[in-house]
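The values are calculated or read from the model by the stated rules, or taken from the named source; none is laboratory data. Predicted, not measured: the structure shown is a model, and the values here were computed from it. Neighbour counts are summed over all protein chains in view; Cβ atoms, including those assigned to glycine, are modelled from backbone coordinates with ideal geometry. The area values use the complete protein model at the heavy-atom level, side chains included, leaving out ligands, DNA and RNA. Shrake-Rupley method; radii C 1.70, N 1.55, O 1.52, S 1.80 Å.
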2 protein chains.
Amino acid sequence: MINTPYLLFLGDAPDGLAAKVAQGIKDWRPEYALGQLRLEGCKADMKLPDMTLEEARAAGVQTVVIGVANRGGIIAPAWKKVLISALEAGFDLASGLHNLLRDEPELVAAAKANGRTLHDVRVPVVQYPIANGEKRTGKRCLAVGTDCSVGKMYTALAMDAEMRERGLKCSFRATGQTGILITGEGVPLDAVIADFMAGSVEWLTPDNDADHWDLIEGQGSLFHVSYSGVTMALIHGGQPDALILCHEPTRAHMRGLPGYKLPSLEAVRDLALQLAQVANPACQVVGVSVNTQHLSDDDAKAYCADVEARLGLPTVDPYRHGAARLVDALAGI
Amino acid sequence: MINTPYLLFLGDAPDGLAAKVAQGIKDWRPEYALGQLRLEGCKADMKLPDMTLEEARAAGVQTVVIGVANRGGIIAPAWKKVLISALEAGFDLASGLHNLLRDEPELVAAAKANGRTLHDVRVPVVQYPIANGEKRTGKRCLAVGTDCSVGKMYTALAMDAEMRERGLKCSFRATGQTGILITGEGVPLDAVIADFMAGSVEWLTPDNDADHWDLIEGQGSLFHVSYSGVTMALIHGGQPDALILCHEPTRAHMRGLPGYKLPSLEAVRDLALQLAQVANPACQVVGVSVNTQHLSDDDAKAYCADVEARLGLPTVDPYRHGAARLVDALAGI
């Protein structure tokens, strides 16, 4: 678990896209995002107060989060200088970078000398159990997609926000690096050893109050041959009560796989439900989340209406239309 | 790749069952098994020549394989003494034990001093790629089971042996510790990082002659919630042309999961085929392998005949009836 609140380190981000982790934290956990720290040349701006390390300290920040993807796979000297100063000022560091903080001897030394923690969220730190398949109390909702990167994390976060606003009991359960940095905890599922994948999802979504919902971040797709095993572990380890289908309607082929067409929503519905019912016979598919970012307002509305008529399930783009109807759909479960 | 041939170290095995790795090597790769080395009190016997290290050296042995499961998770002092002598005599060591050879400083030192290799086959040594899903040349057959430990490795090895006898081109592709020790190479799939599972199976079964068959060792089951993700990666990474269904008819529940009933063979057939056709639309289910060890001869015959009538697929216990009909079933693919 990463201590909050955060100072978001944006480095010398060449544009806003490079700072999408920071953007995610600011959008979904604004209460964690007290300020930003930008280096010369930074083109990203989270519209947060620019803070020095001293100002962040005074504001109560606990952890400096690297909210930007770096270039070339190395931590640049200009970054390292600031990160060492942050450790010396008493902050922990958290990062989802491929190149690990723990592989930088100067950062390791500074963390040790100052009693601080380096969080590399790409690397599991827990010894997860093998899944036992036992029924757990509480409710779980899992987003499953026709493809990778179709909005599964966004869907779960939007439902989480809507449920919080309604005062319902819920937890967003992060299974990827960005999700973990946003919420401060979770399982980096794609980095877990095969035998422990489903067990790590059980660990992430333990017994809870009967009216509590875990909103589990999905990964991959049952139809994406590179990552389908990870999706399968989520379905069996998560033992969801409810599934939300996620789709991006303009994609020409599966992400990274030019030879593979996207499956239909109906195919994902039928396959995911059959598999989920192995672990939880009561599981239902309750709604559809469409990522309509490449459609006009009218086309987005028409597309969702068409899917809703075809599948008989509430269908929205939670970014454009809000997640209210998806949350409503959980009420009957 | 482990250098062959082998001397099989049986230690102080309390019974034959404890030496099942040695038994597997002797049964399936007798040409690798030149001799056995037993300590005082050993109750296992592979009916191989008992050899000293010197005799093994003279016979051409390259590697001493620990063919026995040890007790209590430690490598006993009596074992260690022999293993160090083996390294000093110029042999490599290979082991599938949970406690790793590489975690024993004395073995590491002896290996280094003598220029020998310690093979811990539970630990991947290759940096596997992410699966790309591209169609590969050659043919692949995968055993899929109703449950774990129903005879998938045995089925693939029996088909491999039958095909070799017929002079057909084939390779048994090991995906588990025992299979790797039997054949000297493979992927320890349950220890691979989630993101690289399917890629490791692609790596294991590369382009080959058009009339060459990879016989891929299956793992887990699509219906076993602890390990289904591993099975999924085999189906998508292996892109099989042919599936063999494996079943053990007397099992009361899924292995290790008292609350879970076994699926029907029909359910496994339909689900595995649908998933396999994502990666290879031409995939077919060609036969059924039944582990009849707990049935009488008559009951075994009747059970197989019943399944064959129900599913319309050649159905045998390859141990009792031979694998000929399963190999015949590949001819049409």
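Quick notes on this one:
- Among the criteria (1) in a loop (DSSP other than H, G, I, E, B); (2) modelled with pLDDT of 95 or more; (3) of a type outside the set (A, V, I, L, M, F, W, C), the one residue B:102 does not fulfil is (1).
- Test result for residue B:222, modelled with pLDDT of 95 or more, closer than 24 Å to residue A:195 by Cα and part of a helix (DSSP H, G or I): no
- Search result, residues across segment A:136-193 that are closer than 24 Å to residue A:126 by Cα and among the hydroxyl-bearing types (Ser, Thr, Tyr): A:137, A:171, A:175, A:178, A:183
- Restricted to helices (runs of 4 or more DSSP H) entirely inside segment A:236-333, those with at least 1 residues that are within 13 Å of chain B (Cβ to nearest Cβ), open to solvent by 60 Å² or more (accessible area, probe 1.4 Å) and modelled with pLDDT of 95 or more are A:265-279.
- Residue match in segment B:96-116 (condition: open to solvent by less than 50 Å² (accessible area, probe 1.4 Å), touching a residue at least 40 places away in the same chain (Cβ under 8 Å) and touching a Leu at 6+ places or on another chain (Cβ under 9 Å)): yes
Results for (1) over 24 Å from residue B:155 (Cα atoms); (2) open to solvent by 10 Å² or more (accessible area, probe 1.4 Å), shown as yes or no for each residue.
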{"residue": "B:9", "(1), (2)": "yes, no"}
{"residue": "B:25", "(1), (2)": "no, no"}
{"residue": "B:36", "(1), (2)": "yes, no"}
{"residue": "B:40", "(1), (2)": "yes, yes"}
{"residue": "B:64", "(1), (2)": "yes, no"}
{"residue": "B:78", "(1), (2)": "yes, yes"}
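- Inside segment A:208-219, residues that are open to solvent by 10 Å² or more (accessible area, probe 1.4 Å) and either within 14 Å of another protein chain (Cβ to nearest Cβ) or on the phi > 0 side of the Ramachandran plot (or both) make up a count of 1.
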